[in-house]
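A.B. asks: The structure is given below, and queries will be raised subsequently.
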Amino acid sequence: MKWLFKAVWLWLDDRVGISVLLKPMKHIAPHDAKWWYVFGTATMIAFIVQVATGVALAFSFIPSSSQAYETLVFITNDAPFGNFLRGLHYYGASAMVLMIGAHMAQTFLFGSYKFPREMTWATGVLLLSFTLGMGFTGQLLRWDQTAAWSVVVAAEQAGRVPLIGNALAHFILGGETIGGATLSRFFAIHVFVLPGIMFAFIGLHLWLVLRHGISEPPVAGKVVDPETYRKEYEELLEKSGRPFWPDLAWRDVIFGTALILAVALLAFFIGPPALDKPPDPSVLDADPRPDWYLLWYFALLALMPAKIEGYLMILVPLFIGMLLLITPVLNHKGERASSRRPWAIAVVLLSVIMIGSLWIAGQRSPWSPNFQALPLTEKVIGASSGPPFAGGQLFHDKACLNCHLIQGFGGRRGPDLTYIGDKLTRDNIVIRIVNGGGNMPAFGSSLKPQELDALVAFLESRKRPIRPQDQVPPAQK
Amino acid sequence: MNENVTDHSCLARLETPEELSRRGFLEKLSIGLAGFCAAVVGVPLIGFVIAPLFRKVPEQWVTLGKVGDFQVGKTVSVTVVNPSSLPWAGVTAKSGVWLRRDSETSFTAFSANCTHLGCPVRWIEGAELFMCPCHGGVYYKDGKVAAGPPPLPLIRYGVRVEKGEVKISSVVVPITTTL
């Protein structure tokens, strides 16, 4: 029997060329390209998970504005493994974003983007943008209330592109408003256009890895000189190189397995994000938020200076993208070791801190009014009758509580007013309420005189309680 | 694997000038034909994909309800069904607008989209303010910006009263542009 299998294999291999196809797996790579080098393969493994789970989900998902939500409810609640598959697809996307970030940071810190791998880096940067595009369009395919309003946000953002903004916005919406043409466009982009482009670019990226070889771990003092680098690299491989498969690839396999396990465990125990309400644009109590990997940009949109925001909204991502693309042009030779490139460490750290801080800000969204604020209790108001009590109730009814905190209750958009009575005089409080100012609306025209008096009485009463040790004996006054 | 597979990637013998000239012509012919084929398929393809840009929706007045359905001084959200929506739009054919009856005969209709990034603004009755949940845009009752990042007042739709019915001009998502 064995001879038969061998004969069949040899025939197939001769006619199809399987060994030749797999030969690149055995390309020679630096022997010390170890655990730091697993993130690229991990990104590709996450991509494969996305393709596989995406294809499976497409068996039941109907990309129609009227039916997609119902099919998602079916996939989540009724289809065998449907909830798990949705989870795999969601956490697979998160894993892909994280891994591409780690891969990029490692490549940057190791100086691997330098000669002759400039285009390997550039194709990687484009793959990052396609991955984020996949993330955003994928969130929209979760065709619920958040998704529908996120399309509007995307269209509005596209509208800020000079000259062609309006056309771009209508292209995104599939017309002048959300409707039957909206979802199917995003489905086509998410399922055909972007993956097609990504397959092509992953192929190109891998081809460039093979063409220029996996970069050797940097050594302080060993600089990249375009005149001599290729010769030195060849000599290094000659001297100590190892075939990628299996000598080096086993680490990628172990890390990839751990990644898939983590994704599967999250999908099983936590599950996919819950579906919001149906995508009915006439329901106006919506609060659209992007998925976590774009939350930092959501925060940036709230924190940009309003006057120049229209420009920054487009220019900031464009600038970051261009800067990343031309990084190897700006710096293609010299030291690779991060110990000799402290600015490289600083750039990565600053990027992580910046994105992390914006992410936390986006998570807290202190700029958003708190629409769920409940009326203040008598205990919090500190009175059960009289003007301060009436003012405490008005503080909720006039939506002051949506933006201000009183003893931890309310919104965080404006200053905490728990002890405002210690800081402002009665006149100042009146001026602030009537005229507004800063980022506060003027309430002068919407408050009756008695309402204003009650509100002021309440706010004046907001004083820090006097502790016994702070009390001054009457004799010393 | 049989390693003796012939390499066909280049011709071993020298070619005559006639052959070279013929090859040049065939190259140009093939590239030209490929470009023609790409145009034959590509032009309608692009036209199909960008067609929504050119789909002109005629202005249509949509009925919101009877005049008596709305109280003077009250601002309410009203559901509008887009009359020119595609048959498979489902619930997405609906839109919400904020309508206020200013007097016995006059109404004001505001777009529900924040002019910052299009999120749905909410009317807060007690404060007489529209507030946006996304980035904290706030508008006064007349639609003017009160606080936050919105660059423009809330967009108003045309309203008219006809045969006892309140109607607004077709509802679109107002796009705020930079230039």
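A.B. asks: In a helix (DSSP H, G or I) and touching an Asp or Glu at 6+ places or on another chain (Cβ under 6 Å): which single residue out of A:Thr71, A:Thr41 fits that description?
C.D. replies: Numbers: A:Thr71 fails: touching an Asp or Glu at 6+ places or on another chain (Cβ under 6 Å).
Residue meeting the stated conditions: A:Thr41.
A.B. asks: For the range A:369-460, which helices (runs of 4 or more DSSP H) that fit wholly inside it have 1 or more residues that are more than 30 Å from B:Pro153 (Cβ to Cβ) and touching a residue at least 60 places away in the same chain (Cβ under 8 Å)?
C.D. replies: Values: elements: A:378-381, A:386-397, A:400-403, A:420-423, A:426-435, A:449-460.
Ranges flagged: A:378-381, A:386-397, A:449-460.
A.B. asks: Say whether the condition of being over 20 Å from B:Gly164 (Cα atoms) and either acidic (Asp, Glu) or not assigned by TED's automatic domain parsing to the domain that holds B:Tyr157 (or both) is met by at least one residue in the range B:59-71. Give the derivation first.
C.D. replies: Here is the first cut: in the range B:59-71, the ones over 20 Å from B:Gly164 (Cα atoms) are B:59.
Still in the running and either acidic (Asp, Glu) or not assigned by TED's automatic domain parsing to the domain that holds B:Tyr157 (or both): B:59.
Looking through the range B:59-71, at least one residue is over 20 Å from B:Gly164 (Cα atoms) and either acidic (Asp, Glu) or not assigned by TED's automatic domain parsing to the domain that holds B:Tyr157 (or both).
A.B. asks: If you don't mind, there's one more thing I want to ask. Could you please let me know if B:Pro44 is in the same structural domain as B:Arg160 (by TED's automatic domain parsing), at negative phi and not in a strand (DSSP E or B)? Before you say what the answer is, go through the steps one by one.
C.D. replies: On the way: in the same structural domain as B:Arg160 (by TED's automatic domain parsing): no; at negative phi: yes; not in a strand (DSSP E or B): yes.
No, not satisfied.
A.B. asks: Quick test of your reading of the structure: A:Ser65 fulfils all but one of (1) at pLDDT 95 or above; (2) buried (at least 17 other Cβ atoms within 10 Å of the Cβ). Name the failing condition by number.
C.D. replies: Only one criterion in (1) at pLDDT 95 or above; (2) buried (at least 17 other Cβ atoms within 10 Å of the Cβ) is unmet by A:Ser65, namely (1).
A.B. asks: Okay, moving on. Exactly one condition in (1) surrounded by 14 or more Cβ atoms within 10 Å (Cβ to Cβ); (2) more than 14 Å from chain B (Cβ to nearest Cβ); (3) out of contact with any helix residue (DSSP H, G or I) (no Cβ under 8 Å at 6 or more places or on another chain) is not met by A:Leu325; state its number.
C.D. replies: (3)
A.B. asks: Then there's this: Could you list, in sequence order, the residues of the range B:106-134 that are open to solvent by 10 Å² or more (accessible area, probe 1.4 Å) and in a loop (DSSP other than H, G, I, E, B)?
C.D. replies: Of all residues in the range B:106-134, those open to solvent by 10 Å² or more (accessible area, probe 1.4 Å) come to B:106-108, B:113, B:122-126, B:128.
Passing the criteria: B:Ser106, B:Glu125, B:Gly126, B:Glu128.
A.B. asks: For the range A:144-170, which residues satisfy the criterion of being more than 7 Å from every other protein chain (Cβ to nearest Cβ) and part of a helix (DSSP H, G or I)?
C.D. replies: Going through the range A:144-170, the residues more than 7 Å from every other protein chain (Cβ to nearest Cβ) turn out to be A:144-147, A:150-151, A:154, A:158, A:161, A:164, A:168.
If the condition is that a residue be more than 7 Å from every other protein chain (Cβ to nearest Cβ) and part of a helix (DSSP H, G or I), then A:Gln145, A:Thr146, A:Ala147, A:Ser150, A:Val151, A:Ala154, A:Ala158, A:Leu168 are the ones that fit.
A.B. asks: Here is a follow-up. Any idea which residue in the range A:312-368 is nearest to B:Gly137 (Cα to Cα), counting only those that are free of Cβ contacts under 8 Å to residues at least 60 places away in the same chain and over 22 Å from the mean Cα position of the chain (by Cα)?
C.D. replies: Only one residue tops the list, namely A:Ile326.
A.B. asks: Pick from the range A:185-222 the residues that are farther than 30 Å from B:Ala51 by Cα and of a type in the set (Lys, Arg): which of them is least open to solvent (accessible area, probe 1.4 Å)?
C.D. replies: Within the range A:185-222, the subset farther than 30 Å from B:Ala51 by Cα is A:202-222.
Next, from what is left, pick out any that are of a type in the set (Lys, Arg): A:211, A:222.
Numbers: A:Arg211: 148, A:Lys222: 96 Å².
Taking the candidates together, the pick is A:Lys222.
A.B. asks: Moving to a separate point now. Can you tell me which residue in the range B:29-62 is nearest to the other protein chains (Cβ to nearest Cβ), limited to those that are touching a residue at least 12 places away in the same chain (Cβ under 8 Å) and not acidic (Asp, Glu)? Lay out the reasoning, then the answer.
C.D. replies: Going through the range B:29-62, the residues touching a residue at least 12 places away in the same chain (Cβ under 8 Å) turn out to be B:57-62.
Add one more test, that the residue is not acidic (Asp, Glu), and what stays is B:57-58, B:60-62.
Numbers: B:Val57: 6, B:Pro58: 12, B:Gln60: 12, B:Trp61: 16, B:Val62: 12 Å.
Across the range B:29-62, the extreme among qualifying residues is B:Val57.
A.B. asks: How about the range A:296-321: which of its residues are facing chain B (nearest Cβ under 9 Å), open to solvent by less than 50 Å² (accessible area, probe 1.4 Å) and not aliphatic (A, V, I, L, M)?
C.D. replies: A:Phe298, A:Glu309, A:Gly310
A.B. asks: Can you tell me which residues in the range B:166-179 are buried (at least 19 other Cβ atoms within 10 Å of the Cβ), within 14 Å of chain A (Cβ to nearest Cβ) and over 16 Å from the mean Cα position of the chain (by Cα)?
C.D. replies: B:Ile168
A.B. asks: Go through the range B:148-165 residue by residue and tally those that are under 24 Å from B:Gly73 (Cα atoms) and either crowded, with 23+ Cβ neighbours inside 10 Å or not assigned by TED's automatic domain parsing to the domain that holds B:Thr105 (or both).
C.D. replies: 1
A.B. asks: When you go through A:Ala33, A:Ala79 one by one, which is the residue that is at pLDDT 95 or above and not β-branched (Val, Ile, Thr)?
C.D. replies: Values: A:Ala33 fails: at pLDDT 95 or above.
Only one candidate qualifies: A:Ala79.
A.B. asks: Being charged (D, E, K, R), without any contact (Cβ under 8 Å) to a residue 24 or more places away in the chain and in contact with a Gly (Cβ under 9 Å, 6 or more places away or on another chain), is that true of even one residue in the range B:63-72?
C.D. replies: Among the residues of the range B:63-72, not one is charged (D, E, K, R), without any contact (Cβ under 8 Å) to a residue 24 or more places away in the chain and in contact with a Gly (Cβ under 9 Å, 6 or more places away or on another chain), which makes the answer no.
A.B. asks: Any idea how many residues of the range A:328-341 are open to solvent by 60 Å² or more (accessible area, probe 1.4 Å), assigned to a helix (DSSP H, G or I) and not β-branched (Val, Ile, Thr)?
C.D. replies: Selection size over the range A:328-341: 3.
The values are calculated or read from the model by the stated rules, or taken from the named source; none is laboratory data. Owing to the predicted nature of the structure, the values given are computational and were not obtained by experimental measurement. Virtual Cβ from ideal backbone geometry, glycine too; neighbours counted across all protein chains shown. The accessibility values were calculated without ligands, DNA or RNA, using every heavy atom of the protein model including side chains. Shrake-Rupley method; radii C 1.70, N 1.55, O 1.52, S 1.80 Å.
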